[in-house]
1. Scan region 74-84 residue by residue and report those that are assigned to a strand (DSSP E or B) and open to solvent by 20 Å² or more (accessible area, probe 1.4 Å).
2. Determine which member of the set Val68, Val144, Val103 is on the phi < 0 side of the Ramachandran plot, within 16 Å of ligand 1 (Cβ to nearest atom) and modelled with pLDDT under 95.
3. Go through region 186-206 and report how many residues are open to solvent by 40 Å² or more (accessible area, probe 1.4 Å) and assigned to a loop (DSSP other than H, G, I, E, B).
4. Does Tyr310 satisfy being exposed (fewer than 15 other Cβ atoms within 10 Å of the Cβ) and of a type in the set (Ser, Thr, Tyr)?
5. Being without any contact (Cβ under 8 Å) to a residue 24 or more places away in the chain and at negative phi narrows it down to one of Arg152, Arg162, Arg124, so name that one.
6. Name the residue, out of Val305, Val317, Val271, that is in contact (Cβ under 8 Å) with a residue 40 or more places away in the chain and assigned to a strand (DSSP E or B).
7. Among the listed residues Ala138, Ala170, identify the single one that is small (Gly, Ala, Ser), open to solvent by less than 20 Å² (accessible area, probe 1.4 Å) and not assigned by TED's automatic domain parsing to the domain that holds Lys200.
8. Taking Arg176, is it open to solvent by 50 Å² or more (accessible area, probe 1.4 Å), within 23 Å of Ala138 (Cα to Cα), in contact (Cβ under 8 Å) with a residue 24 or more places away in the chain and more than 12 Å from the chain's Cα centre (by Cα)?
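The values are calculated or read from the model by the stated rules, or taken from the named source; none is laboratory data. Remember, predicted model here, so these are calculated numbers, not experimental data. Here the Cβ is made from the backbone with ideal geometry for all residues, glycine too, and neighbour counts use every protein chain on show. Protein only, heavy atoms only, side chains kept; ligands, DNA and RNA dropped before computing areas. Shrake-Rupley method; radii C 1.70, N 1.55, O 1.52, S 1.80 Å.
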Amino acid sequence: MSSGMVSSPPDTPGAPSGTEPRIELVGVRKVFGDARHSVVAVESADLSIADGELFAILGPSGSGKSTVLRMIAGFEEPTAGTIRLGGLDVTSVPARKRDVNTVFQEYALFPHLTVAQNVEYGLRVKGVPKAERRRRTADALDMVRLTDQAPRRPAQLSGGQRQRVALARALVGRPRVLLLDEPLGALDLKLREQMQVELKAIQREVGITFVIVTHDQDEALTLCDRLAVFNAGRIEQVGAARDVYDRPANRFVADFVGTSNVLEGADAETVFGRSGTLAVRPERISVQHNNTPAAPGYRAVDATVTEIIYAGPLTRVAARTATGVSLAANVLTATAGLPSDLAHGSAITLTWPESAVHHLDG
Ligand code: ADP
Ligand code: MG
């Protein structure tokens, strides 16, 4: 089957409605291979995604993101565990009987069909009458702002336009859930950022559940309401984008979702005045003149600048404390009060609110 095919809604008499999570994974595990050589792609995933959510699955390459998505779609069967859609156990239900559609990174458009025909294709296969097909295709093209491209062929479109055709083709069948596997991966940065905003707007408009796989933390934070952070087949943390960023559960999340100064042992003691594994985001640290005293609720540590990088609106400052601990601070270049003579070797004071320091599980 080609990607973006429109699946039929399952026959679900007496289906539970409303309050059930749209997607639920309980103890889902996936092992590929045989007894002699096996790969554990997903260790054990528990996840609950509400109706209408824009949910991101974020993690590095090989962490099991696509496998999870393919199990939700029904292209792979879990080795163990249960998958429910709208409260119904679909663990063994084939993909075409799930009310779910998928947009893959390689859009797999039909090259010989026009944009409109590509979008209409799934409805045609399902036997939707012509007039309704035309109307729904026009609606879908309008939603992704491709009405004027309807008669063209995929080869005549830009990458961003092809991506929108794939999206229209997946939405035209009106699935309850849309799964997107690295949907913007083929686009350059500018276009990707533009499409992130558009995708979010389209999701708000159609109101269905979107699950987006990405390895790009900025993309996940920009797009989603909530996210799950994957690492080596495990879910490290699930939560609202802001919460995961502000309160990463462990060292992996702190480093993968943004960057963080993570210290433990004697380094944590000298810099934070506390023990444990502790972290502070570089943007929470400000750079002051040397010997600036700590304000109430703040920590102040003297340090020497080891590197300065002017990155447009942000200036990245690396510094080493008297006890030999390296810290990174990101300050707004336009910040008033930034020492103007800041250079390699400058003596400075780094300050941050005590409340910006958080404890990691390890
Ligand atoms: P991601 O999408 O996060 O990059 P995947 O879910 O594609 O990760 O893969 C997770 C792990 O499972 C990887 O080690 C990958 O090599 C392995 N894997 C994925 N699909 C298969 C398959 N069909 N057969 C064997 N191994 C697979
Ligand atoms: Mg993948």
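1. First, the residues of region 74-84 that are assigned to a strand (DSSP E or B): 80-84.
Scanning region 74-84 gives Ala80, Gly81, Thr82, Arg84.
2. Numbers: Val68 fails: modelled with pLDDT under 95; Val144 fails: within 16 Å of ligand 1 (Cβ to nearest atom).
Of Val68, Val144, Val103, the one residue that is on the phi < 0 side of the Ramachandran plot, within 16 Å of ligand 1 (Cβ to nearest atom) and modelled with pLDDT under 95 is Val103.
3. From region 186-206, those open to solvent by 40 Å² or more (accessible area, probe 1.4 Å) are 186, 188-194, 197, 200-201, 204-206; that's our starting set.
Then drop every residue that is not assigned to a loop (DSSP other than H, G, I, E, B), which leaves 186, 188.
Of the residues in region 186-206, 2 are open to solvent by 40 Å² or more (accessible area, probe 1.4 Å) and assigned to a loop (DSSP other than H, G, I, E, B).
4. So Tyr310 passes the test.
5. Working: Arg152 fails: without any contact (Cβ under 8 Å) to a residue 24 or more places away in the chain; Arg162 fails: without any contact (Cβ under 8 Å) to a residue 24 or more places away in the chain.
Being without any contact (Cβ under 8 Å) to a residue 24 or more places away in the chain and at negative phi holds for just one of Arg152, Arg162, Arg124, which is Arg124.
6. Values: Val317 fails: in contact (Cβ under 8 Å) with a residue 40 or more places away in the chain; Val271 fails: assigned to a strand (DSSP E or B).
Of the residues listed, the single one that is in contact (Cβ under 8 Å) with a residue 40 or more places away in the chain and assigned to a strand (DSSP E or B) is Val305.
7. Details: Ala138 fails: open to solvent by less than 20 Å² (accessible area, probe 1.4 Å).
Every option except Ala170 fails the conditions.
8. Values: open to solvent by 50 Å² or more (accessible area, probe 1.4 Å): yes; within 23 Å of Ala138 (Cα to Cα): yes; in contact (Cβ under 8 Å) with a residue 24 or more places away in the chain: yes; more than 12 Å from the chain's Cα centre (by Cα): yes.
In short, yes.
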